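Values quoted throughout were computed directly from the atomic coordinates according to the rules given, and no laboratory measurement underlies them. A quick note: this is a predicted structure, and the numbers were derived from the prediction, not measured. Here Cβ is always computed from backbone atoms with ideal geometry, including for glycine, and neighbour counts include all displayed protein chains.
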Amino acid sequence: MLGVSAAARVAVVVVLAAVVAFPIYTSFVSALTVNGEIARHGLLPGLGSLTLANFAEVSRSVDLVPQYLVSIAVVTLQTLAQVATGALAAYALVFPRWRGKGLAFALVLLTLAIPGESIVIPNYELVSAIGLRDTVLGVALPYLAAGYPIFLLRQAFAGVPLEIWEASRLDGAGDLRSLVEVILPACRPEVTTAVVWSALSAWNGFFWPLLITDSSSSRTIQVGISQLAASEASDPSVLFAGTVLVVLPTMLLVVLAQRLLVNGLARGVLH
Amino acid sequence: MTIHLPSPETGARDQAPDQAPARTRAPRRGGRGGAGPWLVVPAVLLLGVFVVRPLLRTAELSLYASDIIGNPTRFVGLTNYGELLTDPGFVRVTLTTILIALLGTALAVTAALGAALLLRRRLPGGPAFSIVFSLPFAYSAASASAVFAGLYAPSVGILNVVLAGVGVEGPAWLSDPVAAIGAISIATGWYEFGFAFLVLTAAVRAVPPEVVEAAQLDGAGGWRLASRILVPIMRPSLLFLAVTGTISGLQTFAQIQVLTRGGPGGATTTVVFQLFQLAFGNGTPDFGRASVVAVVLVVLVTAVTVVQFRLLGGRES
Amino acid sequence: MRARTPLVVTAAGLLVALTACSSPSGSGSAGSSAPGPSALADAQGVTEVSVWHGLGGANGEAFQAAVDDFNSENEGTIAVTATYQGVYADLLAKYNAAIRSDSVPTVLLGGDIATGFLTDVGQSIPAADMAAANPDDLVLGDLAEQATNYYTVDGVQQAVPMNVSTPMLWVNRDVLAQAGVDESDLTTLDDVVAAARTITDETGIAGYSMQADDWYIEQLTATAGQDFCLPANGRGDEPATEITIDSGLAKENITKIADLYRSGVAVDGAPDGSAAISAFQAGKVGMIVMSSGILGALKSGEPFDYEALPFPTSGPAGESGPVIGGSGLWLSASATPAEQVAGWKFETYLTSPEAQETFSHATGYVPINTKTADSPSQKEFLQANPLAQTFADQLSGTPVVSASAGCVSGAMTAVKAENISQIVAAFTGQKTVDEALDAAAESAKAAFADYQEQLAG
């Protein structure tokens, strides 16, 4: 009884895994073989037909290295800024008493409901007017603060027992020290969640970077890969090589940080 | 100074998101307490400049006509709205957007639920499968679309090549209107599957073992256990995924930009793509009309977000 | 009270943000007169010229080679940097963005259908003016009239055509042989339609395909001797207000092609033509109607037996002919005089017989300079590459009439996008051809009207 149902489960899981893995597997295989190889010899290429030529082609058509650097710079800048301003704001929204706290929090909540694309045009006008087109700062600027990390951290801080905070204040710490030395360490899982959320959304950003960058070397890697899809429509192997390169960092994150993702990210988003 | 605290999950978390903590505090006005409230300023200022003001400006732009490089010209009031909302083409665009959002989310959540439930109990190779199912999370909308571009490409696309290898003739994914919507939904569902799987795995593991044991003692096995016990307990996560998936589905852009450019024949034009076309893609930027589309999008997303807060707001698992 | 101060500061900040920065104007019309050679001669150091283009793949490489050649010839005086901005639509979007932030490139190699918009937006110095001010450089009369005609609006030549393509009927000789179709029978559109059916009937292979782009619909109209838009293809005093594809011989032509698709004889070629090219190379389609510019892609793939034949005729000879494609060079009116003259020298180089010869060999674009044909090396090349001769002959044989000049309007991008969208719906059977063409004409009228409204401000 148990044997049959277990076998059935395994079978279904295997099929599902095959379907999910199919795009990844084919893109890797195709990236490592010449165009049309899969058509000719099926999905299991002989080791002899593996080649790195597609990767070479990708680095010729796309400014991969500059784009990677731009993406990394944007991710770093946005994450640091969002988590820092978020932590500061969350602290101010939880611990001190002041008039207008409710209004400020309502403002933050309001921004959660506003889709980024709807406000793109005015931001585009503004960033162009101050001359930050085609720069890393221009890409990151509208996203230096974000509602979601503020919300997440505010919920986390509100869960810290009041006595802890009061104790640190009685010990003579100012607000900033209190935040950094007591509150943040107490909310490590949520802070981690906020960092991961910010980093991922910065890394995955597409619409805004597409608009605000012009030259190939100032684009983020996501924009670069979409342009590769356009120019290599008739050579999927090269396109796949590009996607492999783009996806490697996050894939490493997923493979190596499974537990972090399940425990921190998945749980964190539910609170 | 370090203080060891119980994990915040067991801390006092009984507030709804929009209520201030209901506790008494020693008054902190004056003295060093004055610094605290200032900490909110950077975030509020940035959000004000880059989110709130643009929203108001978008609303403003939507009431004006534009010149050929997008600057507002004369005030036209609600004319743009009238034109757009009565245009059957735009109605179609809205419906297409909603359809893609729902299809993609349904695919992702259903498949992820199945995968998470199947992996609940020990399985040979369990951790490996877990990793495989999480992999799509590594892909962004743009990179997933690029992968699927290679799969769907006409004539040389790998998907149809492989299907042909097993004797199935694949449809013209990107040039048949119905197939194109399916193509976009599949690509969307695929990359959202990763995140959904992670969330639902966490939710499954959070089910108290006693509950499961009790149900099993009662004779519930496999399917019944899942549908009667587990899924209801996982309801908050499922709702969360359904709503966030729908919201991001309403904002579908990258897949359209990379795979179909709104085609074939406008069959896959989504609201955001329409916005992009009007504002940046058509050669003669019309910020006035584009802003109307932007406002419609805000209304759509706000409506769904409000629903989200209603359904999930006071509910802490 | 101190506790209220953050709120006050925030509110103040918001107020500042709200009132600050209303939209930038974007510089309007230039109105500056064209500078002469002294502007560059007097300049110190290296004058930098930026060029934006939409040439990808093999064509982009050939363009870069030309840029590199120019740079090495002018080392120390002029340095040109060329950037690929994506397909023509993306290129135009970028250019619009640049206008807003006052950062337009010195030279824009803009797609053909942007001519109306680029003229109206007034950011460029007309080519005619630059040529007059710099008589030692490019002589516009040396360029093929069929091409300069396209870029002439209101009697003034606005831009310099650089890469000119012409639509061809490409045939896979093996497939034709299999079906028993004779190449020499493929002169008129009716011939081609009949042959496509024969191919499918005899061999089961698709008989026809083409890029799903409105340029080819415009070809079906121009070769029917019909102006694509009225009045006078937008080239007279009055701007264009409507298109004509829903009537006359143009409609008949489109219907015949649509029937090929609807009956399964024709296969979809994809909006960027990649499907048509791939299928053609794989022997899955017998004939495709594509630009002469695909030669580079065909040459770099696996070799097979193909031929390019003149675009099928349908209208009265002497009054009909295909419209050119490709892009033209627009010189920025807001660049410094030195940059403008340097840019003009670059344009002169690009359109010189030597550079055009090299460029055309690598790409399949037709040499734009009529003197190219005089060089012995070109004569040799043409003998060895009869296809190139065919392209050149089609260009030079096109009568310089209104129909073949093509439609000019700032609304062309929007009109063309909507057209092809409707027509593809007719191809796939979603709509009847009549419905599709009527819908296209309706929305074109609206697009033209909207554009005029935007233009008026």
Checklist outcome for this item: Per the Cα gyration tensor, chain A corresponds to an equivalent ellipsoid with semi-axes, largest first in Å, of 42, 28, 15
Checklist entry - At each listed q (0.06, 0.10, 0.11, 0.13 Å⁻¹), what is the log10 of I(q)/I(0) that the Debye formula gives for chain B modelled as equal alpha-carbon point scatterers? => result -0.31, -0.80, -0.93, -1.13
Item to check | Given chain A, longest segment not containing exposed loop trypsin sites (Lys or Arg not before Pro) (DSSP; at most 16 other Cβ within 10 Å) | outcome: A:100-271
Checklist entry - Put +1 on the Cβ of every Lys and Arg and -1 on every Asp and Glu Cβ in the protein assembly as shown; which of C:157, C:356, C:330 then has its Cα farthest towards the positive end of the dipole? => result C:330
Item to check | Two-decimal ratio, the range B:185-309, of alpha-carbon radius of gyration to 2.2 N^0.38 Å | outcome: 1.48
Item to check | Label-point gap, in nm, between residue C:375 and residue A:72 - each point 7 angstrom along Cα→Cβ | outcome: 4.5
Item to check | Fraction of the pair-distance distribution of the range B:96-259 above 20 Å, Cα-Cα pairs, percent | outcome: 57
Checklist outcome for this item: The distance between the Cα centres of the range B:66-108 and the range C:70-117, in whole Å, is 31
Checklist entry - How high is the FRET efficiency between residue B:309 and residue A:103 when r is their beta carbon distance and R₀ equals 22 Å, given to the nearest 0.05? => result 0.75
Item to check | Computed over the range B:133-217, Cα set: Rg, Dmax in Å | outcome: 18.2, 56
Checklist outcome for this item: Per-residue ellipticity at 222 nm attributable to helices in chain C (runs of n ≥ 4 DSSP H, -39500 (n - 2.57) apiece, nearest 500 deg cm²/dmol) works out to -14500 deg cm²/dmol
Next on the checklist: When the expected Rg is taken as 2.2 N^0.38 Å, what fraction or multiple of it is the alpha-carbon Rg of the range A:26-175?
Outcome noted: 1.65
Next on the checklist: Once the convex hull of the alpha carbons of the range C:202-285 is built, what does its volume come to per residue, in cubic angstrom?
Outcome noted: 103
Item to check | Estimated inter-spin distance, residue C:156 and residue A:51, nm [label 7 Å along Cα→Cβ] | outcome: 5.3
Checklist entry - Once you charge only the Cβ atoms, +1 for Lys and Arg and -1 for Asp and Glu, what is the size of the charge dipole of chain A about its Cα centre, to the nearest 20 debye? => result 620
Next on the checklist: Using 10 Å bins from zero, what percent of all Cα-Cα pairs in the protein assembly as shown falls into each bin?
Outcome noted: 2, 10, 19, 22, 20, 14, 8, 4, 1, 0
Checklist entry - Which entries in the list C:345/C:416; C:299/C:416; C:416/C:445; C:94/C:371; C:284/C:416 go over 23 Å, if you measure between the two C-alpha atoms of each? => result C:345/C:416; C:299/C:416; C:94/C:371; C:284/C:416
Checklist entry - In sequence order, what are the phi-derived ³J(HN,Hα) couplings for the range B:121-129 according to the Karplus relation 6.51 cos²θ - 1.76 cosθ + 1.60 with θ = phi - 60°, rounded to whole Hz, with x for glycine and proline? => result 8, 4, 8, x, x, x, x, 5, 4
Checklist entry - How many nm separate the modelled label positions at residue C:449 and residue C:354, each set 7 Å beyond the Cα in the direction of the Cβ? => result 5.5
Item to check | Neighbouring partner chain Cβ atoms per residue of B:165-172, average, 10 Å criterion | outcome: 1
Checklist entry - So what is the 222 nm mean residue ellipticity for chain A from helices alone, if each DSSP H run of at least 4 adds -39500 (n - 2.57) and you divide by all residues, rounding to the nearest 500 deg cm²/dmol? => result -21500 deg cm²/dmol
Checklist entry - Using a Förster distance of 41 Å, how high is the FRET efficiency between residue A:22 and residue C:305, based on the Cβ-Cβ distance and rounded to 0.05? => result 0.65
Checklist entry - Taking N as the number of residues in the range A:152-271, what is its alpha-carbon radius of gyration divided by 2.2 N^0.38 Å? => result 1.52
Checklist entry - Among the trypsin sites (Lys or Arg not before Pro) within the range B:112-209, which fall in a DSSP loop and have no more than 15 other Cβ atoms within 10 Å of their own Cβ? => result B:121, B:122
Item to check | Karplus 3J(HN,Hα) series, Hz, for the range B:71-85 with 6.51 cos²θ - 1.76 cosθ + 1.60 (x for Gly, Pro) | outcome: 6, x, 10, 9, 6, 10, x, 8, 4, 4, 5, x, 4, 5, 6
